[in-house]
Amino acid sequence: MIEMRLARHSTDDFRHLEMLLREDNRVLEAAEISGKMDYYASLCLRDMNELRDFIDNLTEKAPVIEAVNSFVVLHMAKSPIGPPLE
């Protein structure tokens, strides 16, 4: 999982980043978020080298990305099952 903060907040920058995230099959989900960071993405990668390459490639294609925090999931306490049906 990664969080990204953008240096600018223009519609074109958001659209460009979202296009890059949508086109990469390793991105399982991505969303614009509130708070100190602007986006998060859940990724499916083989190892830390692939994570580093993914971040390097993404920041090269989207230089508006100012900062990236990465997190490795060690254990899923609960997997997504969808919204309640009530």
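Note on the range 51-86: residues that are surrounded by 10 or more Cβ atoms within 10 Å (Cβ to Cβ), charged (D, E, K, R) and free of Cβ contacts under 8 Å to residues at least 12 places away in the same chain total 3. For the range 69-84, indicate whether the set of residues that are within 13 Å of Met4 (Cα to Cα) and part of a loop (DSSP other than H, G, I, E, B) is non-empty. Yes, the range 69-84 contains at least one residue that is within 13 Å of Met4 (Cα to Cα) and part of a loop (DSSP other than H, G, I, E, B). Of the residues that make up the range 3-20, is at least one in contact with a Phe, Trp or Tyr (Cβ under 6 Å, 6 or more places away or on another chain) and at pLDDT 95 or above? For the range 3-20, residues in contact with a Phe, Trp or Tyr (Cβ under 6 Å, 6 or more places away or on another chain) and at pLDDT 95 or above: present. Among the residues making up the range 25-41, those that are surrounded by fewer than 15 Cβ atoms within 10 Å (Cβ to Cβ) and either under 16 Å from Glu3 (Cα atoms) or under 11 Å from the mean Cα position of the chain (by Cα) (or both) are Arg26, Leu28, Glu29, Ala31, Glu32, Ile33, Ser34, Gly35, Lys36.
Please give the number of the condition Glu50 fails out of (1) of a type in the set (D, E, K, R); (2) in a loop (DSSP other than H, G, I, E, B); (3) at pLDDT 95 or above. The number of the failed condition is (2).
The values are calculated or read from the model by the stated rules, or taken from the named source; none is laboratory data. None of the values given here were measured: they were computed from a predicted structure. Neighbour counts are summed over all protein chains in view; Cβ atoms, including those assigned to glycine, are modelled from backbone coordinates with ideal geometry.
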